[in-house]
Each structure stands twice: as C-alpha cells, then as structure tokens.
Amino acid sequence: MSRDPNLGNSLVGQVAGLSVAINATGPYGSSRVLIRGNASLSGNNQPLYVIDGVPYDNTTQSYSGQYGGTDLGDGLSNISPDNIETILVLKGVAASALYGYRGGNGAILITTRSGSRTHGIGVQVNNNFTLNSVIDERDYQYQYGQGVSGVKPTSAQTALAAPYYSWGARLDGSPAVNYLGDPYAYSPAKDNFRHFFQTGLTNQSSVGLTGANTKGHFRLGLSDLHLSSVVPNSSMRQQGLNFNSVYSVTNRLQMELTADYVFEHVNNRVSISDDPGNVIAPPLYLANSFDIRWMKDHTVHPDGTEWLPGTTDPYFENPYYIAYDYINTTDRNRITGGLTLKYNLLDWLYIKGQVSRDGYIFNVTNIVPSGVQYTRSDGIHGGNFTQYEVNYHEINGSFMIGMHKKAGADFSFDANIGSNRQDNTNSINGVGAVPNSPNRPAGPFLVAGNYNAGNIVNKPYSSYNRRYRVNSLYGSADIGYKNYLFLNLTARNDWFGLLGRPAFGTGKWVPFGPTNGQNDANEVGLGDFNLIVLDVAGRSGDPVGQITYDAFNMPLTNALLGTPGCPDVYNRKTSAATGSHLVGVDVRPSARRVVGPDRHAHQHHHRRVHGRHLHGHDGEGRDVRPHRIAGGQWQLRRRG
C-alpha cells in the first residue's frame, strides 16, 4: 500500500471494480471511492467504512457551491496507514445483508493491527518521508507574448489591460513594460509554476508497543504526521493514538477493547473550481511572458486593497496574496472505539454484546481579507467571515446469540441472531456560510485587518440539528456438509424514523453439482463444483429537503400561527431500493482454490417519493391543517 495520508487514495488500482476519484487539492483533500459505480443519480454512493467492527463516518466536509469552494477533506485522512493490518472490500449491495441500509453501496472493512502475533513485549517503529513537486509539461506557444492585436505592452496601463492574453508581438527579447511600470526583456516566462510552488514535504512516523501472554494481547500505537504542501503557507499536522486489545477475563468471558483518538490541524486548504481563492488559477492563466515573481512583493496597495495583476477580472487574484493573506484553518478532534464482551454459555453456544462510538468535533474558520476588491461593495469596507463547528457522534449497541455445533463427522451448523440500535446526532452551528443554511458569508469588516466576529456589519447565524435512530434485527445460518458443501442464509431488517418501510437484506448460497468430496490432495480434477446464486436487496432513504416553519399573526385574533414552509408536499420521504442478482461458479481444485462468484452481476435502483401532510397549531392550541383547493393550491384551515 502506498503511504498516502488519505486511505482512499491508497486504494487506487488495488481492487477490481473499485474506482477512486481524487480531487486536485493536495494530500489533505478528499477522495471519492465507488464500488461498481454509482447506484443512484442522487445521494451518496460511497461505501460504508467499518473499522474493527465500528461504523466510521466519512462525510466530506466541504461547502463547494456553483462557483467552487474549499475542499475540507473527509474522514479517511484520520486513519493512519501504520495502524492497518487488513482491508476487506465487500462489493455491491451484498454488504446490506451484514450492515443493512448503510451497506447498499458496499462496505470496506478495516482491521487494525494487534499484538496477537507477539511473544512477550515488542516494539515497532516506522518512518516514511516523501518529497513532492509540481511539474508543468503543457505545450504553450512561445512565439507571441503578452498583449493583444499583435502589440506588446509598452506602459503599465496596456499591461494591466492584458494580464491573461498572449496575442501580442513576437517574443524577441526587445524592451517591454510590465503591469508595475518596470521595463523587462520581452521573452518567455516558462517557469511560473516552479517559481511559485515549493517542494512539498511529508513525514509520517509511528511507534507501536505490543504484548501478549496466555490471557490475551494488546497493541498501543502512536502516530505523527507533519505535512508541508507544495502551496506556500499550507500545512497539515496530525497526531493519533490507537489501542487494540483482547483479554480473557475468565475461561468463558472474553473482552475486546479498541480505541482511536486523532487530532488534526490544517492551515490554508486549497480551493477548487472557479472559487476566487483558488491559488492555482492565477499561475495557470497568466500571459506567457508574465513573470509570476513580479507579484511576490506587490500584494497590497497603500490603501489596503489587493494589488491585482490586471484590471480585466477582479476574481483572478494575486496568488501570493491568496497564500499569505487569506485565512482558512480547520481543527478536528475524533474519538472512535468499541467494547465487546463475549461469554461462552456452553462449548457450542455463546452470547456477545458490543457498544461502539464514532464522533468528532470539526471547527472551520474561513476569512476573506478586507482588501479583496470584489467584496468592497461600498468601495471602503470589504472581506467576509465564516466560522462554524460540526459536532457529530454515533453510538451503536448490539447483542447477539450464536452457536457453532457439529452433528457427527459430516455436518456442521453455525447460526446467530441479534439486534443493533444506532443513534446518530449531527449539529452544525456558526456564523456566515454555514453548511445546510442559505446564509452568505458574514461581512464586511468595519476595521480593515481586524478579523473577528465583533468587527462585522452583518452576522447571519444559523443552527442545524439532526438526530435519528435505527433499530435492527439480523440473523444468519450456515449448514456445512463435509466442509465442502454449504448452505448459507442471512437476513436483516432495519427500522428507522426517516422511512416508513424497513430496510431488508437477504443472501443465500445454493450448492449444486455432482461431487463425493473424496478427492485426494494430489489428484488432478475439479474437486468441488458449486453453483452460487446470490440475491441481495437493500433499501435506504432520507427526507427530501428540509421542513421549515413560518409564523405570522392571525388578523382577527392576533394569535401566532405556525405554518409549514414547504406547502407543496409535507414530510416528503423517499425509499430508495437497490437490488443485486449475482450468479457464478465456485470451483475449488483439490490442492488450490479458485473462486469466481462474480461472473454475472446485475444491479438495479429505484426511488419513490411519499407525501404525508403535517399540521401545525395556532396560538390557542387548535390544529391547522392544509387542504387542497382549486388550481392545485393549498390553503390552511383551522379546526376546533
């Protein structure tokens, strides 16, 4: 596995059917992982991540809009590669049989390292150092330089009027004038990318302490990441602690404890697309004889406004001003862990319970300086401010009864039945362009350069809170004959408040074919021949949009009336059904095993929208319900 700071980027080319889309936002950016493509044209198509049995949130913390924005990364960057022992990819919606509605897009199961292979005390030390550089090998034309209509700039005014145009005179080294009014030789400027970007440094270090005895084993891992991006003044710092242990309390009671803590700080993440703060755009579009180093010491005018390279477009800014004057910081504190207890009632019967938790607090501060010209609507005050906190946590509690029984020398029987309860809470609160709110950034600043919330004219505040609960029942049974003929059945039901219908997943393996199971290990032949038929379905959904409420006074009674803010469809809910039919052959030679259950797969997805009317109450406690009237419109009527 490559030592990329983001686990998603490390999966490129590792698994058939798995594709990874990487944003051009550096090593701390987000990645989009898909298993067998998109299952839906809307919603999230990424798989579920499970670390040591704990569901792991991988939400992309980004607020990119129509004109781009800042890529704030995802959860995969919080997983240290040095702590990973194995990765298992469950393709398609087959994972819904194990993880219900959340496994409809597949699942990636990650197991962290433990001390199970240790004898006594052991120490593991790893260090990885990487250098990164930007290479620009595009084939620009260098016959004609900056200017328009075959004329080179001979004054600061003509240079300011053509900062991005390379339609001037022939580049012959003759005298010309740049946008600062300084003379220069009219020659190609071929190394702008090399002059602006720097060499990126990434250092990943980890230390692992392991131990084991007859009662159990443990591993304690410490990791440290320091990253300096190729973009000036952009960096990442991350420290983590990982603990994994298994301990036999008694001969029948076993305890497993896993815990992971990560602190992450990122300074000045890169913007994407057409966002004005995109530091890559200026060196990309400058004229081919414009030396980017001219702008390094000329970022601000005496009046405090940004010193732009031209007068044609205020949204193409000075890259040095973006790198050193824009402020974009994020801090994340994340705790993930679980406690599992397993008690063997009999040699073949056991009970198991687990409590797990994944959560983080994510703080974002984004400041556009007061000198940015397009923010100075009155010509005096400018800049804007966004600051918010994301508080996310999910708690899962599960209980299971299982058995492993042999009937004679030929038959084996494994079965389990259990339940799970999922509580998910997410709240976002802050000032400015907070996610899930229609607000724009707070601004402008009253006093230039004083970047705090108390120095802002307009400070729109928003608060977003969401909580839901999912109750699940699941079970599986596995019957084996002579360890080569198997019948496996699984089922799961999920009930959650956002859906009227439960999510359901089933799977079955149907053995087929003539075999006696008596092949010798040295015999050449097919051995076991099984026909596998797998049919799995999973459903999931979320409310369509947000339900808002308005309030106004009744003209006659002066009572305060609460009304739904979306009168066309109330409490709209969707149920998205994803199904998969899989047929293949499992061929197991006597000495080797070749598995090919993926010969033919078909996946389908459909989406339904259900409407249910909500009702409010007026100031006197009476019901107010919507009723359809002529013309397809709705009218609120009071009852009681």
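Values for this structure:
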{"quantity": "Inter-probe distance in nm under a simple model that places probes 7 Å from Cα toward Cβ, at Y374 and R467", "calculated": "4.1 nm"}
{"quantity": "Probe 1.4 Å, protein heavy atoms only - accessible area per residue of region 337-451 in square angstrom", "calculated": "47 Å²"}
{"quantity": "Amide N of region 404-423 lying under 14 Å from the label point, which is placed 7 angstrom from the Cα of I351 along Cα→Cβ", "calculated": "417-419"}
{"quantity": "FRET E, pair H226, Q143, Förster distance 45 Å, beta-carbon r, rounded to 0.05", "calculated": "0.50"}
{"quantity": "For region 381-408 versus region 272-289, the gap between their alpha-carbon centres in whole angstrom", "calculated": "39 Å"}
{"quantity": "Residue-by-residue Karplus 3J(HN,Hα) for region 473-489, coefficients 6.51, -1.76, 1.60, Hz, glycine and proline x", "calculated": "10, 8, x, 8, 9, 9, 10, x, 10, 6, 6, 9, 10, 9, 10, 10, 10"}
{"quantity": "Residue-span extension gain [Y164 to V125] - 0.36 nm each, minus C-alpha spacing", "calculated": "9.0 nm"}
{"quantity": "Order by protection proxy (mean Cβ within 10 Å, highest first), peptides 139-148, 69-78", "calculated": "69-78, 139-148"}
{"quantity": "Rounded to whole Hz, the Karplus (6.51, -1.76, 1.60) HN-Hα couplings of region 267-283, x for glycine and proline", "calculated": "10, 6, 5, 7, 7, 10, 6, 8, 5, x, x, 6, 6, 7, 5, x, x"}
{"quantity": "Calculated FRET value between H301 and S205, using beta carbons and R₀ = 41 Å, to 0.05", "calculated": "0.40"}
{"quantity": "Pair D313, I395: separation of 7 Å Cα→Cβ label points (nm)", "calculated": "5.2 nm"}
{"quantity": "Whole-Hz ³J(HN,Hα) from phi, Karplus 6.51 cos²θ - 1.76 cosθ + 1.60, for region 113-125, glycine and proline x", "calculated": "5, 10, x, 5, 9, 8, 10, x, 9, x, 10, 10, 10"}
{"quantity": "Extended-chain gain in nm, criterion 0.36 nm per residue less alpha-carbon gap, S174 and T214", "calculated": "6.1 nm"}
{"quantity": "Stretch gain in nm, segment I417-K482, where the contour uses 0.36 nm per residue and the Cα spacing is subtracted", "calculated": "21.0 nm"}
{"quantity": "Ordering of 345-354, 391-400 by packing [mean C-beta count within 10 Å, highest first]", "calculated": "391-400, 345-354"}
{"quantity": "Under 19 Å from the K190 label point (7 Å along Cα→beta-carbon), backbone N, region 102-143", "calculated": "134-143"}
{"quantity": "Rounded FRET efficiency, nearest 0.05, which uses the C-beta distance separating L253 from S273 and R0 of 56 Å", "calculated": "0.50"}
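The values are calculated or read from the model by the stated rules, or taken from the named source; none is laboratory data. Just so it is clear, the structure is predicted and the values come from calculations on it, not from any experiment. Reconstructed Cβ throughout: ideal geometry from the backbone, glycine too, with neighbour counts over all protein chains shown. When the accessible area is computed, the model is the full protein with side chains, heavy atoms only, and any ligands, DNA or RNA have been set aside. Shrake-Rupley method; radii C 1.70, N 1.55, O 1.52, S 1.80 Å.
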